[in-house]
C-alpha cells in the first residue's frame, strides 16, 4: 500500500500542470462550501448573541420580526412610538425587574443614534450574559454627552473629548444636522461583536432637546443654544421601544398578553428567542439555496477532476501496460488511480482551507463593519469536518470511474497502442 501511495504521488507530481489545475478547482469548491457554511453559522451566532437576559421587547403594534430588527439590530424603522406614560406604567409593573427605554430615529455619519438612560449600561447583556464595559471614559451625565461603540470610534477616529454632530433622520446630510448642538464623547464601549459597536448612545433628554424647533420634521423653528437648553426639563413624551427583564420567567406570557391587549395604545410584546426563530424560518430558503449552489460547485469541481483523469488515462495506457508487465496486478492499477484521485482531492481540500482562512483574515473587518457579523477565526467545527469528509469521499468515488476503466484494459491493448 505504501509503495502504491508513493507511486500515486510521483504520478501526480509528473503531471504538474494538470494536477495544479485540478487541485485549484477542488480548492475553490471547498472555499465556497465552507465559506457559506461558516458565514451562515456565524451570522446566526452573531444575531443570537446580540441580546441576552431580555425577556420581552415592547414596541408599537408591528410584526415581531420587524420589532426585533429595528429595536435590537438597528435595521429598519418603527411603525409607531410608545407613549412615555405607558413605558412608566410597565416599568413599574410588579412583574418587571428592570426596563430599558430606547429612542431611535437619528444618525451620525452612517451610524445609528440611540437615546436611552442609565438602565441600559446597568442591565443590558449580550452573548453569555456579558455586561457592557468601557475601554475609555464613563456613562453620559450631561445633556450633550455621548457614549459611542467601538466601531464608531475606530472608523471615525474618535476618542474621549471628541465632538460630534448628530443628524435628524437616517440620512446624514448638511440640511438635517443639528450643527448648533455638538455632543462631546465621554465614553467608548469595549467591542461586543453586536450592533452596540455601531451605535452612538445619548440620553433620552438629549433626543428631546436637539429636536426643539424640529417638531414638524424639518428645522423650521428656533433652536435655543446649549446653555439655555440645559436649564430646561426634557422628560420624553415618546420612545421607540423598551426592553424588559422580569423577576420570574413564569410571568413572561402573562405580561406579554397584558401588553398585547393594552387598551390605552396598540403595543406589541415579543420574546426575543421566538422572534429569532421566525427570522431563521424566513431565511431558511435563502440558506438552502446558498448551500445548494455550494454543493453544485463542489460537484462541478469533482467532475472537472474526473474529466482530467479520464483524459490522462488515454495517454497513460502504455504506462499501465508497463506496470502490468512488471508484475502489477489489475487491482494494483485500480488502487493506483483511486489513490491519485484521493491525493488530488486531499491536497485540494488543504489548499482550500488555507485559502478560506486567508480570505477570512482579510474580509473579517469588512464583514463586521458593513454587516455587523463577527466571523470568528475559529478552528474547524465538527460539522465542517463532516463536509470535508464528504468532499474527500466524493473524490475517492470519482476515482473509481477511471480506475475501473483501467482495470478492464488488457495488457495486449496497452502494449499494441500506437503513440
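Read the figures in this text as sums done on the coordinates, not as results from a lab. In this text the structure is predicted, and so the values were computed from the model without any measurement. Cβ atoms come from the backbone with ideal geometry, glycine included; neighbour counts cover every protein chain shown.
Observations, loosely collected:
- Relative contact order (%) - region 56-270, alpha-carbon pairs under 8 angstrom, separation at least six: 32
- The slack between residue 84 and residue 257, meaning 0.36 nm per residue of separation minus the straight C-alpha distance, is 60.3 nm.
- Highest mean first, the peptides 350-357, 87-94 sorted by other C-beta atoms within 10 Å per residue fall in the order 350-357, 87-94.
- Between region 99-117 and region 126-142, the Cα center-to-center distance that results, in Å: 15
- Working ranking of peptides 387-400, 157-170 by packing, defined as the average number of other Cβ atoms within 10 Å per residue, highest first, is 387-400, 157-170.
- The distance from the alpha carbon centre of region 224-267 to that of region 68-90 is 8 Å, rounded to a whole number.
- FRET E, pair residue 171, residue 231, Förster distance 25 Å, beta-carbon r, rounded to 0.05: 0.20
- Value of Rg/Rh across region 56-270 [Cα atoms, Kirkwood radius]: 0.96
- Relative contact order (%) - region 8-110, alpha-carbon pairs under 8 angstrom, separation at least six: 14
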